[in-house]
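Scroll down for the structure; my scribbles are underneath it.
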Amino acid sequence: MTKNQFTIQPGNALPLGVTKVADGVQFAIYLPDKRECYLKLFRKGHQTEQYRIPLTDEYRMGSVYFVHLRSKNATSAFDIAEELSDKYEYVYEADGEDIVDPYAAGISGRDRWNRTDKMPVRGRICLKEFDWEGDYILRKPFHELVLYQLHVRGFTKHASSGVGKPGTFAGLQDKIPYMKDLGINGVLLLPVYDFEEKQGDKVNYWGYGVSDTYYFAPKAAYSSGENADEEFKETIKKLHRNGMEVILDFYFAPGTNLNLMTDCLRHWVLNYHVDGFRFDLASILGRNEDGSPMNQPPLLKNLAGDPVLRNVKLIAEAWDAGGLYQVGSFPAFTRWAEWNGKYRDDMRSFLKGDYWFAAAAANRLTGSMDLYTGQYKGYDSSINFITCHDGFSLWDLYSYNGKHNEDNGWNNSDGHDDNRSWNCGYEGKSDNPGIEALRKRMIKNACAVLLCSRGTPMFLAGDEFCNTQFGNNNAYCQDNEISWLDWSLLKKNREIYEFFRYMIAFRKKHSAIRGECSPSGLGFPTVSVHTNQPWDNNVTQESKFLGVMFAGAVPAGSSQKTGRNQENAWSQEAERRRESVWSLETERTRELETEDLVYLAVNVFWEDQQFFLPKLPNGFVWRLAVNTDQPEMPEKESQMTVIDSEFILKPRSVAVFVGGPSF
């Protein structure tokens, strides 16, 4: 690019960053309290700038500096935006200090993970058009989602992953068929914005809590080539094409500019078609400058009502490092959902045998409505999880009584001590077949319960084939086989994978679990809690058995798809029922085709538990769909064993029954 191809003139103060305009490219940056500023353009790979453009007073409004590079001949084949994107990088110089644009859409100098040779960090110019081929934000309802949390690098970096470009966005693309087969329809990605992973003698593997962060740029080291912008867009497009939403994880450090936060989230929605965001340690976003929590935090309220973000998901980790814990009290403004930390804690305790948590578990299984009323959206506000990146994997949850974080370098003092785990009789790896079988049954129990709970289920990538972190419950600095998924375990533990796959499909099939159908025509409540005797909901600290029944109906002839049109159809059906006079036999005939009945039975005790299923009307029977004490699952309903009423649930096992017409 030569000077006779463009002119330099003042531009506009907004938007910040680099923007393609009608006849050129605009640069704008917020630089408070600076006196002498320049825009410096470098040819890629060159150490010295080719152009150093002074930003004098005519290029400034307030503390925003801006410049417009305009093509001299708008009719020529020269495209300044394409030229800059292909061949140039930029930084600003302010009072003698080089400053990388915090709004940069791409970053150079950090294209290799944990590189030891120090390279200058500069902004990339990302203005080339991307062909989205009609892609759009999917807008799935929360209750339809099955979320899968993964780390882009760790997901495919292990030699066993079998992908062409391990540890990259391209590697993630190669695993899309696997995730689709599993039944996943939403991925939650640990930070993919550009952070500096090299932190002294450690690696910040997760990407949280670093100051040298560029929130608008996809991480260059996650690209298999030189264009992280295009590769990540291609990844999102392919995930969408296969029915999977993309939710990004963000940690905004204290002191981050509030306008930057909002602009950042809009950027990812508008330019990357991102479906939602999860905010790490989100409670800090609602604190005053003195640290006290605000009643109506303006940032959280503004994000909830932002017109651009209106159709994307906002998920809070409703606590922070300062001890503020807001699960069930986060300022949600009827928009925010939460990682339900109480679901994790209560279900971990109950499932490992602390049966005195039965009453709390009943609340968690049925949507945590003791938490999510008022300013919340009911069970759509609850992201249910038992494991996540921060803590034990599911295999480790039933292999270790305590954490084993010695490799982190803090003498095992870091990481949570309140794990609510159980090693099934032996700490760590065991060659005892009985212990291994018990651990796998405990994993099946957790999976079955999670997928049969009201709310949105989420689990950690690799849990479906017993991936281990060898007892490390705080692998934030472990860029190695501790954190990388070992895909060889998929073959070894295929039974667990198939169980996860079965349970995900089961959840999708039964809208009564998700709470998205009309009331049962048989008079059953939408959700009910039972002890060993049906309809006895007196759950006590001595209750070793817990039953939950979900009931509903879909109008004859309609599909089980969700959305506003379906909700209207259900409302119209309910009104028609009230206004019409039907014979009992006609109503029963119609309901034979539409009833959806599911009964979840959980025995956390080390002895058999006898219980009785609720009685069904004539013409209906209970069938056994899931029994974690048995290795096989029935492929279709006709293969399920019919259960009269009484059932003996084996120690530490879960069973799921479906009610339907007798054949």
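The values are calculated or read from the model by the stated rules, or taken from the named source; none is laboratory data. Here the structure is a predicted model, which is why all the values come from computation and not from measurement. As a convention, Cβ positions derive from the backbone with ideal geometry for all residues, glycine included, and neighbour counts pool all protein chains shown. For the accessible areas, the whole protein counts, side chains as well, though only heavy atoms, and no ligand, DNA or RNA atoms are used. Shrake-Rupley method; radii C 1.70, N 1.55, O 1.52, S 1.80 Å.
Please find, among 128, 157, 118, the residue that is open to solvent by 20 Å² or more (accessible area, probe 1.4 Å) and free of Cβ contacts under 8 Å to residues at least 60 places away in the same chain.
118 is the lone residue from the list that is open to solvent by 20 Å² or more (accessible area, probe 1.4 Å) and free of Cβ contacts under 8 Å to residues at least 60 places away in the same chain.
From the set of residues in region 490-522 that are without any contact (Cβ under 8 Å) to a residue 60 or more places away in the chain and open to solvent by less than 40 Å² (accessible area, probe 1.4 Å), which is farthest from the chain's Cα centre (by Cα)?
Here the residue is 518.
Select from region 52-85 the residues that are outside any loop (DSSP other than H, G, I, E, B) and either without any contact (Cβ under 8 Å) to a residue 24 or more places away in the chain or basic (Lys, Arg) (or both) and write down the one among them that is least open to solvent (accessible area, probe 1.4 Å). If you could, list the steps in order and put the result at the bottom.
If we filter region 52-85 for residues that are outside any loop (DSSP other than H, G, I, E, B), which is where we start, we get 52-54, 57-61, 64-71, 80-85.
Retained after the next criterion (residues that are either without any contact (Cβ under 8 Å) to a residue 24 or more places away in the chain or basic (Lys, Arg) (or both)): 52, 54, 57, 60, 70.
Working: 52: 106, 54: 64, 57: 112, 60: 95, 70: 84 Å².
Per the stated criteria, the residue is 54.
Considering only region 361-374, state which residues are over 14 Å from residue 539 (Cα atoms) and either among the aliphatic types (A, V, I, L, M) or loosely packed, with under 15 Cβ neighbours inside 10 Å (or both).
Hits for region 361-374 are 369, 370, 371, 373, 374.
Given the criteria surrounded by 18 or more Cβ atoms within 10 Å (Cβ to Cβ) and free of Cβ contacts under 8 Å to residues at least 24 places away in the same chain, does residue 320 qualify?
Details: surrounded by 18 or more Cβ atoms within 10 Å (Cβ to Cβ): yes; free of Cβ contacts under 8 Å to residues at least 24 places away in the same chain: no.
No.
Yes or no: residue 25 out of contact with any helix residue (DSSP H, G or I) (no Cβ under 7 Å at 6 or more places or on another chain) and among the β-branched types (Val, Ile, Thr)?
Judged against the criteria, residue 25 is not a match.
Taking residue 137 as the residue in question, decide whether it is part of a loop (DSSP other than H, G, I, E, B) and crowded, with 24+ Cβ neighbours inside 10 Å.
So residue 137 does not fit the description; no.
Name every residue in region 625-646 that is under 17 Å from residue 598 (Cβ atoms), open to solvent by 30 Å² or more (accessible area, probe 1.4 Å) and in contact (Cβ under 8 Å) with a residue 24 or more places away in the chain, in order of residue number. Working first, answer last.
Taking region 625-646 as the starting set, the residues that turn out to be under 17 Å from residue 598 (Cβ atoms) are 625-628, 633-634, 636-637, 640-643, 645.
Then drop every residue that is not open to solvent by 30 Å² or more (accessible area, probe 1.4 Å), which leaves 633, 636-637, 641-642, 645.
Within region 625-646, 633, 645 qualify.
When both residues are 6+ apart or on different chains and their Cβ atoms are under 7 Å apart, which pairs have a first residue that lies in region 185-203 and is within 15 Å of residue 459 (Cβ to Cβ), and a second that is open to solvent by less than 10 Å² (accessible area, probe 1.4 Å) and among the charged types (D, E, K, R)?
Sorted first by the residue in region 185-203, then by its partner, the pairs are 185/245; 186/245; 188/249; 188/278; 189/249; 190/249.
From the residues in region 228-268 that are hydrophobic (A, V, I, L, M, F, W, C) and in contact with a Lys or Arg (Cβ under 8 Å, 6 or more places away or on another chain), which one is surrounded by the most Cβ atoms within 10 Å (Cβ to Cβ)? It would help to see each step written out before you state the result.
Going through region 228-268, the residues hydrophobic (A, V, I, L, M, F, W, C) turn out to be 228, 232, 236, 239, 244, 246-248, 250, 252-253, 258, 260-261, 264-265, 268.
Filter once more, keeping what is in contact with a Lys or Arg (Cβ under 8 Å, 6 or more places away or on another chain): 228, 244, 247-248, 250.
Numbers: 228: 28, 244: 24, 247: 22, 248: 22, 250: 21.
This residue is 228.
Looking only at region 345-365, decide whether some residue is free of Cβ contacts under 8 Å to residues at least 12 places away in the same chain and over 21 Å from residue 469 (Cβ atoms).
yes
Out of the residues in region 1-21 that are of a type in the set (A, V, I, L, M) and over 38 Å from the mean Cα position of the chain (by Cα), state the one that is modelled with the lowest pLDDT.
Applying the filter and picking the extreme gives 1.
Would you mind listing the strands (runs of 3 or more DSSP E) fully within region 598-658 where at least 1 residues are over 21 Å from residue 550 (Cβ atoms) and modelled with pLDDT of 95 or more?
Fully inside region 598-658 and qualifying: 609-612, 646-649.
Taking residue 93, is it open to solvent by less than 40 Å² (accessible area, probe 1.4 Å) and touching a Phe, Trp or Tyr at 6+ places or on another chain (Cβ under 8 Å)?
So residue 93 passes the test.
Is it the case, given these coordinates, that residue 438 is open to solvent by 10 Å² or more (accessible area, probe 1.4 Å) and within 23 Å of residue 600 (Cβ to Cβ)? Can you show your working first?
Details: open to solvent by 10 Å² or more (accessible area, probe 1.4 Å): yes; within 23 Å of residue 600 (Cβ to Cβ): yes.
For residue 438, the condition - open to solvent by 10 Å² or more (accessible area, probe 1.4 Å) and within 23 Å of residue 600 (Cβ to Cβ) - is met.
Within region 160-199, restricting attention to residues that are under 27 Å from residue 214 (Cα atoms) and among the polar types (S, T, N, Q), which residue is surrounded by the most Cβ atoms within 10 Å (Cβ to Cβ)?
Filtering region 160-199 for residues that are under 27 Å from residue 214 (Cα atoms) and among the polar types (S, T, N, Q), the one surrounded by the most Cβ atoms within 10 Å (Cβ to Cβ) comes out as 168.
Hey, among 472, 467, 423, which residue is closer than 12 Å to residue 399 by Cα and buried (at least 24 other Cβ atoms within 10 Å of the Cβ)?
So the residue among 472, 467, 423 that is closer than 12 Å to residue 399 by Cα and buried (at least 24 other Cβ atoms within 10 Å of the Cβ) is 472.
Residues that are modelled with pLDDT of 95 or more and under 29 Å from residue 365 (Cβ atoms): does region 402-412 have at least one?
Initially, region 402-412 is screened for residues modelled with pLDDT of 95 or more, giving 402-412.
Still in the list and also under 29 Å from residue 365 (Cβ atoms): 402-403.
Yes, the conditions are met somewhere in region 402-412.
Suppose the filter is open to solvent by 60 Å² or more (accessible area, probe 1.4 Å), closer than 26 Å to residue 355 by Cβ, touching a residue at least 12 places away in the same chain (Cβ under 8 Å) and of a type outside the set (Asp, Glu); does residue 606 pass it?
Yes: the conditions hold for residue 606.
Evaluate region 277-287: report whether one residue or more is among the aliphatic types (A, V, I, L, M), in a loop (DSSP other than H, G, I, E, B) and in contact (Cβ under 8 Å) with a residue 40 or more places away in the chain.
Yes - at least one qualifying residue is present in region 277-287.
Picking from 349, 283, which residue would you name as being open to solvent by less than 10 Å² (accessible area, probe 1.4 Å), within 17 Å of residue 385 (Cβ to Cβ) and in contact with a Phe, Trp or Tyr (Cβ under 9 Å, 6 or more places away or on another chain)?
Of the residues listed, the single one that is open to solvent by less than 10 Å² (accessible area, probe 1.4 Å), within 17 Å of residue 385 (Cβ to Cβ) and in contact with a Phe, Trp or Tyr (Cβ under 9 Å, 6 or more places away or on another chain) is 349.
At pLDDT 90 or above and farther than 30 Å from residue 357 by Cα, is that true of residue 553?
Yes, satisfied.
Find the residue count for region 1-29, including only residues that are open to solvent by 60 Å² or more (accessible area, probe 1.4 Å) and without any contact (Cβ under 8 Å) to a residue 60 or more places away in the chain.
Total meeting the criteria: 5.
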